[in-house]
1. Where the only charges are on Cβ atoms (+1 Lys, Arg; -1 Asp, Glu), what is the dipole of segment A:52-214 about its Cα centre, to the nearest 20 debye?
2. Compute and list, largest first, the equivalent-ellipsoid semi-axes of segment B:174-291 from the alpha carbon gyration tensor, each √(5λ) rounded to a whole angstrom.
3. Show me A:157-163, B:192-198 ranked by packing, highest mean number of other Cβ atoms within 10 Å first.
4. So how exposed is A:R139, as accessible area in Å² (1.4 Å probe, rounded to 10)?
5. I'd like the mean, over residues of A:64-76, of how many other protein chain beta carbons sit within 10 Å of each residue's own Cβ.
6. Using +1 at the Cβ of each Lys and Arg and -1 at the Cβ of each Asp and Glu in chain B, identify which of B:S37, B:V217, B:W128 lies farthest towards the dipole's positive end.
7. In debye, nearest 20, what is the charge dipole magnitude of the protein assembly as shown about its Cα centre with +1 on Lys and Arg Cβ and -1 on Asp and Glu Cβ, if you could check?
8. Give me the inter-chain shielding for A:54-62: mean count of other chain Cβ atoms within 10 Å, whole number please.
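The values are calculated or read from the model by the stated rules, or taken from the named source; none is laboratory data. Everything quoted here is computed from the prediction, not taken from an experiment. Glycine gets a Cβ as well: all are built from the backbone with ideal geometry, and neighbour counts include every protein chain shown. Ligands, DNA and RNA are stripped out before the accessible areas are found, and what is left, the full protein with its side chains, is counted by its heavy atoms. Shrake-Rupley method; radii C 1.70, N 1.55, O 1.52, S 1.80 Å.
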Amino acid sequence: MNRSLHLFAGIIGSFALSCYALVLLPQQQLGGLQPQIAEDEGKIVDIYPVKNVSHEEGRAIYQSEGCFYCHSQQVRDEQNGTDLARGWGVRRTVARDYIFEKTPVLGSMRIGPDLANVGSPKWRNENEGEYATYKPKKRDASWHLLHLYAPRTVIKSSNMPPYRYLFETKKISGQRSVDALDLTGLDAPEPGYEVVPKPEATKLVAYLLSLDKSHPLKEVKGSAPEVAAK
Amino acid sequence: MTAAALAPTPTTAPAPAAPSAVQVQAAERAAIDASASGPVLFFFGSAILWLLLATVLGFISSVQLHSPGFLADCPIFTYGRILPAYNNALAYGWATLSGMGVAIWLLARLCRVQIKIPAVLVTGAIFWQAGLTLGIGQILAGKTTGVEGLEIPGSAAVLMLFGYMLVGLWGALLFGYRRQAPAYISVWYLVAALFWFTWTFGLAHLSIQLPGVTGVVQSLVAAWATQNFLHVFITAIGLATAYYLIPKVINRPVHSYHLASTGFWAFILFSGLTGAVRLSGGPLPVWLVTLSIAATILLIVQIATVSANLLLTMDGQYHMVYHSPTIRFTVFGALSFTIASVVGLLASLRSFDRLLHFTFFQSAQTHLLLYAFFSMVMFGAIYYILPRLVGCEWLSSTMIRWHFLAVAYGAGTLIVSLAVGGIASGAALADPGMIFSQVIEDGVRYHIGATLGWVMLALGHVIFAFHFLLMLFRIGQPGGEPTLFAPIGEEKH
């Protein structure tokens, strides 16, 4: 009996340790994180991150379609890879960046590029140096919609599946819709028809364009807020 | 309490003490097998159905990695839904159900207790699978939690947890009523597995629902749960089975009980602390990842002791892999455990993780552990256990030989393709000048290799499922002498 007491004590104790070290302690340390507040002469002039619920629907589509199985949303520092040199961000991401995300989509695979800052105008997926032989068009909403519908029209040999079910092909009645895709070649619909995004696609793209974690933070070296640095 | 007192009992199973006791013990084993037969057959049968489903889903997801347009126009078949459906079907369908079936049978045998009210176990398995079916259906319908590794929504997870707890409770009762006083090392691992899974699964699904748990802690909880599932639950059942089957079939005791004991305590102490390596380099406090890397390195104590113990037990008996199907599968699995553990240790080091994180190398590691180690040991166990439950031996050693060839080469092709592809893209991406989409395009060739691996795995699984079906209908060779690849004089069971 003594021996099984030791066995039980060992099993329960080791589980408690595991749970304490990897769940409770981190929750204690990170659970109370607040947005960074920069003060300028007593006035709050800068708050990051901000709670933004307007893109929750787009974010839900990002999750239900499983975008995060191929795209991460975390930028590592120089010691941990070439994320910054690639242009996926201007600084590494830290826990504070995610405090308003109930279920952050950090991702564990990169079959596609990191999207933590894809909505930032500075985001790029290739080096500006001498190796850059490929220059993308501006990544605005119409670029993203075209990319979702037929990835290979904008990225040669893209490995992303086409998300045609987020769009519908309609007969053009009178005027062509403003949001109809500019498709050519094999992807183009029959004459007299047009491809327009369903609300899901529009919301997803709005969510993607909202992604920007490039705001300076105190805890990330080299990115101290300008106001605080003054 | 000294180390010696903590060491497991020096018998692999009740050994015949006197000739007169042999028949009594054989009758007792037969009675235990008869009581376990219903639920264990149900566990194995359903596990194999899930394995077939996982094979289809895994094949589709692999094809989509080199032909992204494949089935892409139908939402339920999009890669982002097929992949988690595959992961859940393989882990919670095949691996968990086969593991629970083996665990229950081993506990009954090693504790020398007949199973009372086996319907409870069957009910547990039905609840588990109802929840899992609902959960995978919701993933395919796009109603996932969105947390990688814990995709199954709470309502389905509750059904699964209830079903699991029935099985876990019955396992604990077998241990509680044991008639074999000092518990064998396999029992230690099994009790640990049953306990850890319940609490990890329950707490993880509970905490991602709690309003106070947001941000990266959610990802950490998911990483912790995934790591505990693979590196505690699955690993413990696989090792318990290997520790039982190898000594049993070659008919000699485990080489060293002290090694077994040391390995167990190192395992139970360090494995549960390794979870944060899954988020290495990510937006977490550095101490967390450092702690997990340290725990992974300390696991070398377990890797060394378990590997040495199993290999030394086999010492001089390696010819048995030519004769016994059980030994061939189990030794393949045991060697894969050593390889998977050493690779896991190296890959957790920051200098390697920096390159291999976010690549298919991680998928290769998961398949090394979950398939090449665990699933192969489960195949070995099912080849050993099933004749004792249905009363006849496997029909065809040729079919077993083809099953082994197909899954061994299939798993090898899949894992090597993923690993080499991961290393290649990781090394290429270390150069910031390499264009990302070019690296991904270059990686496509490795997924063709992986798909080839899936074709072989599918062939092996179909042969195995067919052979299993024949056994269910008692179509086999007369009971008594096990079906061997080649005859052997001294083989005893």
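1. The calculation lands at about 100 debye.
2. They are 33, 17, 10 Å, listed from largest to smallest.
3. In decreasing order of mean packing, A:157-163, B:192-198 become B:192-198, A:157-163.
4. 40
5. 6
6. B:S37
7. The dipole magnitude comes to about 1060 debye.
8. Averaged over the peptide's residues, the number is 1.
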